[in-house]
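A short worksheet on the structure shown next.
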Amino acid sequence: MPSLSKDVKAQVEATRLPPILSLIEQSQLIKQGAEAKVYKSTLFPSPLCTPSSSSSPPPPALPVLLKHRFPKTYRHSTLDALLTRQRVTGESRALVRCLKAGVKVPGLRCVDVKQGVLGMEWIEGWSVREVLGGGQEGDELPDEDGEEEEEEPDDVQEMLKGLGVDHDSLLQAVGAEIAKMHLAEVIHGDLTTSNMMVRLLPTRASPNDPLFEVVLIDFGLSSVSFLPEDRAVDLYVLERAFASTHPVSLLPSGEEGVPHFEQVLLGYKRAVEEKGKKGECSRIEKRLEEVRMRGRKRSMVG
Amino acid sequence: MVKRAARPCPLQAPTKPVLALGLEGSANKLGVGLILHSPPSADSPTASTSSSDPGSVSILSNIRHTYVTPPGEGFLPSDTARHHKRWAAEVVEKALASAGKTMEDVDVVCFTKGPGMGAPLQTVALVARTLALMYNKPLVGVNHCVGHIETGRLITASPSPIVLYVSGGNTQVIAYSQQRYRIFGETLDIAVGNCLDRFARIIGLSNDPSPGANIEKEAKKGRRLLPLPYATKGMDISLGGVLSAAEAYTRDPRFRPTNPPKGKGSSTSAEDPSTIKINGKTGTAMVSQEERRRRAAGEGPQASMQDVGLSTGPKKVAKVQLEAGGEAVDVPPPAEGEEDIITPADLCFSLQETVFAMLVEITERAMAHVGGREVLIVGGVGCNERLQQMMGIMAGERGGSVFSTDERFCIDNGIMIAHAGLLAYRMGYETPLEETSCTQRFRTDEVLVNWRA
Ligand SMILES: Nc1ncnc2c1ncn2[C@@H]1O[C@H](COP(=O)(O)OP(=O)(O)O)[C@@H](O)[C@H]1O
Ligand SMILES: [Mg+2]
């Protein structure tokens, strides 16, 4: 009886979670970011990408990060669905655009707009915020069965320093990566030190090769633009994030050194000078100054 | 994460009780309050609840007089200043009387230095200077925003929250770090209170008790979520576009200004001299300049002196802690085949839902970035229960909680100025007479918060 079996099938289907959500169920919750919960999971590479001959063993499963923009019950469901859809598609488009242009971002692995899930390359490393320290207290989830295995930032800092990664070169690399992103006409929209990661590079062919790279993440609020105004606002957002969380680096003597953001700007300008159009850098700088003025003058009437 | 040794609180418990008089008048509310900071008594455990604030605090009086403008109108600086001038003496007297104190008992006079409207600020500063000179008392000029934050911390006993400051003139997400209240996000154009108040005026809602309160009431009857621009930029937001889009709906052919009275043609209302056209629709007439002045002078029907009440301890004050997964919006959607119209209630509902979602989102971003779990909502818009509810759900989903105060403290009042001023005074700060001028622009992060660790 075909109708009956169809009924049963439909019923079974109805009780089953959508595939991506059942994958999430089996994954490890890493943390809750600004709008999403992020999980660590594994996926096998697509057989289309790695044609397997019968002789070679199957490729190993690779770690992926699943970013779930779960339904936000505080806001109206219509608005919530709309925002989630916009952000998931926006983020995947920006990732692809950056990947094509050679900007360091996580590779895109899967997209499920309906469920609000994005799968991307797992970046083995630390957020820049963790490396720099700062903030009020931890943003990790409450301790649950040793769920978090994050190193203390002091340890991370010590370890990176031991490898020869100092704050200044890290901050300049941050600036350079943002410059590459801007030259790819992507505006991030939410540049904070939580939204960029540092990962160590495995092998070095020559001692002049970099030890690490900066990977930009979290493109949910990104847009496409090449206007100096939009780029300047993007930088200004980051400047304020630095000012509020980690304004200056402390010298070994305990004195205050150059503001962190100055180092970022140095790396940014150098990269735009090198790869951008003539005069592009000074146009952005000029705009940044104007955007700063606007911020200071912003009316603050009670 | 960063393990910081708990630094000792720089604020010492007072050795004897200190009494502050606070004067606030940066917008249309004139508030005067008296607050007493006392040495911790041996048997009271209250001091231990807020380690950042040794000693015990009692609010002795909290009196407010509000300048209520006619429907459709905002308050002008000159009229507001006139209102404050008219009522200052009476409100101060009432505050002293209900606290059972005289000016001789007062140790320090605190006033709002800014930010706010120039003329009203100056009027109240003049009152403060006069009192200080007459009774030979020191003065402390207070940042209005810091006043809100410190009072919120006091009332809710939340030691180090992420603060959402939402009022008629300000919209900021703030977190404390290294002796400053640092601004993480803010509005790039108009403040949220301003946005709501202006919209209330566009649709002709009453300003009594406040336009925002009437929007909230109206929104409860709304049933359709109309699309409005949603503009968060990182931790900042922009509200100008939302307001103009909401206003544009009032020109939509589907818009019905109010529920038309049954059996009456629309022509009758047009003949009524008290109604005029607002945006091409019928509405209530604007009131003449004379009438406005009359109200500013406090002779209007709605002006009133209010004893906004006291609180004896943090525990007695409303503390919102909603559970996650609470019912978000509880309105029946329009029925099938129902006439496709837009009501003022629908617009209020849509405006609130959209704007508050933006506020909650930027607060959540700040929480994620800074790592805080507690949110404190301060400022006049903080009274809105829908905003409190939404924030509660968000915080609940992050394993945190929300604190807010009711209209006694989230609406501008004298206590907030007295309390923040007294904290500074106890750290040895006084504002010399020649520096007691006011400033319309006074950013929250300009103040050195040296009473916190
Ligand atoms: N590809 C990745 N690999 C490893 N960790 C990641 C990756 N993407 C994000 N994370 C971690 O998860 C956190 C939240 O992710 P993010 O994309 O910023 O989400 P949200 O929008 O919620 O902030 C980041 O701050 C980072 O620590
Ligand atoms: Mg993020």
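The values are calculated or read from the model by the stated rules, or taken from the named source; none is laboratory data. Note that the structure is a prediction, hence the values are computed from the model and not measured. Ideal geometry is used to build each Cβ from the backbone, glycine not excepted, and the neighbour counts take in all protein chains shown. When the accessible area is computed, the model is the full protein with side chains, heavy atoms only, and any ligands, DNA or RNA have been set aside. Shrake-Rupley method; radii C 1.70, N 1.55, O 1.52, S 1.80 Å.
Assorted remarks:
Here's the yes/no breakdown for (1) aromatic (F, W, Y); (2) within 27 Å of A:Y236 (Cβ to Cβ); (3) more than 13 Å from chain A (Cβ to nearest Cβ):
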| residue | (1), (2), (3) |
| --- | --- |
| B:P115 | no, yes, no |
| B:V127 | no, no, yes |
| B:L131 | no, no, yes |
| B:Y135 | yes, no, yes |
| B:V146 | no, yes, no |
| B:I155 | no, no, yes |
| B:N194 | no, yes, no |
| B:S210 | no, no, yes |
| B:K217 | no, no, yes |
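- Matching entry among B:V381, B:V375 (being more than 16 Å from ligand 2 (Cβ to nearest atom) and part of a helix (DSSP H, G or I)): B:V381
- Selected residue (criterion: most open to solvent (accessible area, probe 1.4 Å)) from residues of region A:1-34 that are of a type in the set (V, I, T) and at pLDDT below 80: A:T15
- Positions within region B:179-206 being polar (S, T, N, Q) and at pLDDT below 90, in sequence order: B:Q179
- Checked against (1) touching a helix residue (DSSP H, G or I) at 6+ places or on another chain (Cβ under 6 Å); (2) under 30 Å from A:Q86 (Cα atoms), A:D168 passes all but a single condition, namely (2).
- Which listed residue is crowded, with 24+ Cβ neighbours inside 10 Å and either outside any helix (DSSP H, G or I) or within 16 Å of the chain's Cα centre (by Cα) (or both), from B:L351, B:L359: B:L359
- Criterion violated by A:I178 - all others in (1) open to solvent by 60 Å² or more (accessible area, probe 1.4 Å); (2) within 16 Å of ligand 1 (Cβ to nearest atom) satisfied: (1)
- In region A:204-218, the residues that are free of Cβ contacts under 8 Å to residues at least 24 places away in the same chain and either among the aliphatic types (A, V, I, L, M) or within 13 Å of ligand 1 (Cβ to nearest atom) (or both): A:A205
- Flag: A:D209 matches the condition of being surrounded by fewer than 16 Cβ atoms within 10 Å (Cβ to Cβ) and of a type in the set (D, E, K, R).
- Any hit, region A:69-85, residues being surrounded by fewer than 19 Cβ atoms within 10 Å (Cβ to Cβ), more than 18 Å from B:P229 (Cβ to Cβ) and within 16 Å of ligand 2 (Cβ to nearest atom): yes
- Sub-9 Å Cβ pairs linking a first residue in region A:173-192 that is more than 16 Å from ligand 2 (Cβ to nearest atom) and of a type in the set (K, R) to a second residue that is assigned to a loop (DSSP other than H, G, I, E, B) and at pLDDT 95 or above, at least 6 apart or interchain, are A:K180/A:G102; A:K180/A:V103; A:K180/A:K104, ordered by first then second residue.
- Within region A:66-88, being touching a Lys or Arg at 6+ places or on another chain (Cβ under 6 Å) and assigned to a strand (DSSP E or B) holds for one residue alone: A:H68.
- Qualifying residue in region B:349-360 (condition: within 16 Å of ligand 1 (Cβ to nearest atom), within 21 Å of B:L239 (Cα to Cα) and hydroxyl-bearing (S, T, Y)): no
- Close pairs (6 angstrom Cβ cut-off, 6 or more residues apart or separate chains): crowded, with 24+ Cβ neighbours inside 10 Å in region B:20-32, of a type in the set (S, T, N, Q) anywhere: B:E24/B:T112; B:S26/B:T112; B:N28/B:T80; B:K29/B:T66; B:G31/B:N413
Each row is one residue, and each column tells you yes or no for (1) modelled with pLDDT of 60 or more; (2) more than 14 Å from ligand 1 (Cβ to nearest atom); (3) surrounded by fewer than 21 Cβ atoms within 10 Å (Cβ to Cβ).
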site: A:Q115; (1), (2), (3): yes, yes, yes
site: A:G125; (1), (2), (3): yes, no, yes
site: A:E151; (1), (2), (3): no, no, yes
site: A:Q157; (1), (2), (3): yes, yes, yes
site: A:G164; (1), (2), (3): yes, yes, yes
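- Options B:E385, B:E397, B:E407: the member that is more than 11 Å from chain A (Cβ to nearest Cβ), under 30 Å from A:L83 (Cα atoms) and surrounded by fewer than 21 Cβ atoms within 10 Å (Cβ to Cβ): B:E385
- Answer residue from region A:212-232, given it is in contact with a His (Cβ under 7 Å, 6 or more places away or on another chain) and part of a loop (DSSP other than H, G, I, E, B) and is least open to solvent (accessible area, probe 1.4 Å) among those: A:F219
- Of all the listed residues (B:T151, B:T171), the sole one being touching a Phe, Trp or Tyr at 6+ places or on another chain (Cβ under 6 Å) and modelled with pLDDT of 90 or more is B:T151.
- Considered as a group, the residues in region B:362-382 that are more than 9 Å from chain A (Cβ to nearest Cβ) and open to solvent by 10 Å² or more (accessible area, probe 1.4 Å) include one that is farthest from B:Y230 (Cα to Cα), and that residue is B:E374.
- Failed item, numbered, when A:G102 is tested on (1) surrounded by fewer than 17 Cβ atoms within 10 Å (Cβ to Cβ); (2) at pLDDT 95 or above; (3) within 13 Å of chain B (Cβ to nearest Cβ): (3)
- Residue check: B:E150 meets all listed conditions (1) more than 11 Å from every other protein chain (Cβ to nearest Cβ); (2) in contact with a strand residue (DSSP E or B) (Cβ under 6 Å, 6 or more places away or on another chain) but one, namely (2).
- Extreme residue, most open to solvent (accessible area, probe 1.4 Å), among residues of region B:421-448 that are more than 14 Å from chain A (Cβ to nearest Cβ) and among the charged types (D, E, K, R): B:E434
- Scope region A:227-245; condition farther than 16 Å from A:A184 by Cβ and away from ligand 2 (no atom under 16 Å from the Cβ); matching residues: A:E229, A:A232, A:V233, A:Y236, A:E239, A:A243
- Candidate set: region B:362-372, residues that are in a helix (DSSP H, G or I) and touching a residue at least 40 places away in the same chain (Cβ under 8 Å); chosen: the one farthest from ligand 2 (Cβ to nearest atom): B:T363
- Residue count for region A:194-226, restricted to those that are near ligand 2 (Cβ under 10 Å from one of its atoms) and among the polar types (S, T, N, Q): 2.
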